[in-house]
1. May I ask you to list pairs of residues, at least six apart or on different chains, whose Cβ atoms are under 7 Å apart, with the first in the stretch 141-167 being among the aromatic types (F, W, Y) and the second being crowded, with 17+ Cβ neighbours inside 10 Å and part of a helix (DSSP H, G or I)?
2. Which one of A52, A64, A77, A92 is surrounded by fewer than 15 Cβ atoms within 10 Å (Cβ to Cβ), of a type outside the set (S, T, Y) and assigned by TED's automatic domain parsing to the domain that holds A28?
3. Evaluate the stretch 236-245: report whether one residue or more is within 27 Å of W150 (Cα to Cα) and either modelled with pLDDT of 95 or more or touching a helix residue (DSSP H, G or I) at 6+ places or on another chain (Cβ under 6 Å) (or both).
4. Could you list, in sequence order, all residues of the stretch 212-255 that are under 27 Å from the mean Cα position of the chain (by Cα) and among the β-branched types (V, I, T)?
5. Return a yes/no flag: does the stretch 200-218 have any residue that is surrounded by 15 or more Cβ atoms within 10 Å (Cβ to Cβ) and more than 21 Å from L96 (Cα to Cα).
6. Within the stretch 122-152, count every residue that is among the small types (G, A, S), part of a helix (DSSP H, G or I) and either out of contact with any Cys (no Cβ under 7 Å at 6 or more places or on another chain) or over 24 Å from L216 (Cα atoms) (or both).
7. Where the second residue is acidic (D, E) and the first is modelled with pLDDT of 95 or more and lies in the stretch 199-215, which pairs have Cβ atoms under 8 Å and are six or more apart or on separate chains?
8. Give me the strands (runs of 3 or more DSSP E) completely within the stretch 26-121, filtered to those with at least 1 residues that are in contact with a Gly (Cβ under 6 Å, 6 or more places away or on another chain), under 20 Å from P144 (Cβ atoms) and not polar (S, T, N, Q), ordered by residue number.
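The values are calculated or read from the model by the stated rules, or taken from the named source; none is laboratory data. Everything numeric in this text was worked out from a predicted model, so none of it was measured. In this analysis, Cβ positions are derived from the backbone assuming ideal geometry, glycine residues included, and neighbour counts consider all displayed protein chains.
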Amino acid sequence: MNGLETLRFDLADHVARITLNRPDAANAMNLQMTKDLLEVGIECDENPEVRAVLLRSEGRMFCAGGDLASFADAGDALPRRLKEMTVYLHAAITRLVRGRAPVIAAVQGPAAGGGFSLACAADLIIASEQAVFSMAYTRAGLTPDGSSTWFLPRILGRRRTLELILTNRTLSAAEALDWGLVNDVVPADELDARAGKLAKQLAAGPTRAFGTAKELVMRSSSGDLESQMEFESQAIADAARTEDAAEGIAAFFEKRRANFRGA
């Protein structure tokens, strides 16, 4: 993709790699980064070649959150600037969360504020042993954004979420794994390989079924049991109409690995 100033975007083997690329600024989010994130979010949602998304960063830090230097420069216009940034950031997160492709965050170092929120929005998180997680917002007198107040209570529960927000407690990678925030913790020099392998595995899967499964899990927090089971019934019937379902069933009886095409 052309025109990206703060990110790199690469697509190979059906895996879209989004790399936060402001290492000299701790990969902090400025207005341009939120715009770039929306651009790549739309690309991942619209391009049928994208069947898994890997979110990663250059440098020592995953993402320090909002770029406080740009916030200070905004002066009295900061509230307007934050509204503009969150419009782009939240739209980008919606595109990734609602998209069919599974999203994996590879967190190699500190993830704070909006960086923590961005990681939380991923479907799966693989963390380096050097990763740490901190909400950090209230330390600057601000409040959380980037979907964290939606995802964190569902992942951690109300009390642990408020502990992170109110005390700015920093979680180590091991603690994040123990709390259920991340899926796996690996040595730093193995992170890219582990996350890349998982992304390729998911990119070879039944993409439409993955997308519907993501949506079912999202729905489950806001409806009753019977409504959720009705959504499940409709979803599995629709999935049965896909080419991937026919291939998966055939592969089972033929005792071979299914060759899914995402169709």
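1. Pairs that qualify, where the first residue is among the aromatic types (F, W, Y) and the partner is crowded, with 17+ Cβ neighbours inside 10 Å and part of a helix (DSSP H, G or I), are F151/C120.
2. One residue alone meets the criteria, A77.
3. So far as the stretch 236-245 goes, yes, one or more of its residues are within 27 Å of W150 (Cα to Cα) and either modelled with pLDDT of 95 or more or touching a helix residue (DSSP H, G or I) at 6+ places or on another chain (Cβ under 6 Å) (or both).
4. T212, V217, I236, T242
5. No, because not a single residue in the stretch 200-218 is surrounded by 15 or more Cβ atoms within 10 Å (Cβ to Cβ) and more than 21 Å from L96 (Cα to Cα).
6. Residues meeting the conditions: 1.
7. K200/D13; A203/D13; P206/D244; T207/D244; R208/D244; A209/D244; T212/D238; K214/D123
8. Result: 110-112.
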